[in-house]
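See below for the structure under consideration.
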Amino acid sequence: MDAVLETDGTAGFTAWPVAEPATDNILALSGQMSPAEVGTAMAVIFSYADIPTAPISDLHHLLDRHLADAEALIAPGGLRIRDATTNAEILPGCCCSLENWREWRDVLHKQGIWLGHDPDTELEYIAGAVRLRQESGSRSLPSPTHEVEIQLDDLPALLATVHLRLQGFLSLVGRWASETTPRAADRLVTILDENFEINGPLELC
């Protein structure tokens with residue numbers, strides 16, 4: 001299980017260096033990312049939120065102006081789940097957002113959560129586990145159904161790993177911003193932490 005962003009919106013982005021997009025346009029967030037991958041993640045967040053990136057020297061003001069109007073940052077993505085044995089993969093659907101990643105805690109209490117649509121994801125609670133089913137590919141064409149089963153006892157450790165990877169990503173953002181836009185570095189880290197709920201305790205009880 002890892003936190004991911006959809007990178008479709010970075011085509012033609014030139015405000016700072018970004019990485020070559022992956023084939024599936026999915027970027028996993030962690031403390032192991034390259035500076036260009038961090039740049040891609042920031043390009044996604046800024047582009048999706050329609051925050052101006054020029055002049056980059058005024059980025060700290062541009063961020064605050066946007067938040068005064070929009071009140072929050074959102075980013076396309078969420079949690080990706082993969083079964084290493086079967087290679088089945090469940091991806092965040094359309095309209096699923098990274099800022100909602102902590103809603104996965106509700107699965108521990110067998111509650112429903114929003115995982116996006118197109119493709120839709122079905123959750124089914126069975127004895128001691130949750131089963132996720134998702135069709136891949138276009139709705140208009142026959143496509144395989146991916147199915148992943150997570151033991152509920154394993155979910156806290158999986159979410160704790162996601163939490164650590166997001167904290168590693170946030171640390172890299174601080175380094176990246178210190179070089180790319182020093183005046184906005186501290187503010188940017190604080191805003192990402194607040195809006196994507198990265199550093200607070202996970203509280204899995």
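The values are calculated or read from the model by the stated rules, or taken from the named source; none is laboratory data. Everything numeric in this text was worked out from a predicted model, so none of it was measured. Every residue, glycine among them, receives a Cβ derived from its backbone with ideal geometry; neighbour counts consider all protein chains shown. Heavy atoms of the whole protein, side chains included, go into the accessibility calculation; ligands, DNA and RNA do not. Shrake-Rupley method; radii C 1.70, N 1.55, O 1.52, S 1.80 Å.
May I ask you to list the residues in segment 68-91 that are within 22 Å of Ala49 (Cβ to Cβ), touching a residue at least 12 places away in the same chain (Cβ under 8 Å) and of a type in the set (D, E, K, R)? Full working, then the answer.
Start the filter on segment 68-91 by keeping residues that are within 22 Å of Ala49 (Cβ to Cβ), which leaves 68-80, 91.
Among the residues that remain, those that are also touching a residue at least 12 places away in the same chain (Cβ under 8 Å) are: 70, 72-80, 91.
Hit for segment 68-91 is Arg80, nothing else.
Among the residues of segment 152-205 satisfying the criterion of being assigned to a loop (DSSP other than H, G, I, E, B) and without any contact (Cβ under 8 Å) to a residue 12 or more places away in the chain, which is most open to solvent (accessible area, probe 1.4 Å)? Let's see the steps before the verdict.
Looking only at segment 152-205, we keep the residues that are assigned to a loop (DSSP other than H, G, I, E, B), and these are 152-154, 181, 197-205.
Next, only the ones that are without any contact (Cβ under 8 Å) to a residue 12 or more places away in the chain stay: 154, 200-201, 205.
On the way: Asp154: 81, Gly200: 31, Pro201: 92, Cys205: 151 Å².
So the residue we want is Cys205.
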Review point. (1) in contact (Cβ under 8 Å) with a residue 24 or more places away in the chain; (2) under 15 Å from Met1 (Cα atoms); (3) of a type outside the set (Val, Ile, Thr): which one isn't true of Cys94, the others all being true?
Key: (2)
Study note, to complete from the structure: Ala68 meets each of (1) open to solvent by 60 Å² or more (accessible area, probe 1.4 Å); (2) out of contact with any helix residue (DSSP H, G or I) (no Cβ under 9 Å at 6 or more places or on another chain); (3) under 12 Å from Leu5 (Cβ atoms) with one exception, condition (3)
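May I ask you to verify whether His60 is out of contact with any Lys or Arg (no Cβ under 6 Å at 6 or more places or on another chain) and not in a loop (DSSP other than H, G, I, E, B)?
no
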Practice item. Residue by residue through segment 71-101, note down the ones that are acidic (Asp, Glu) and either in a helix (DSSP H, G or I) or crowded, with 17+ Cβ neighbours inside 10 Å (or both). Key: Glu99
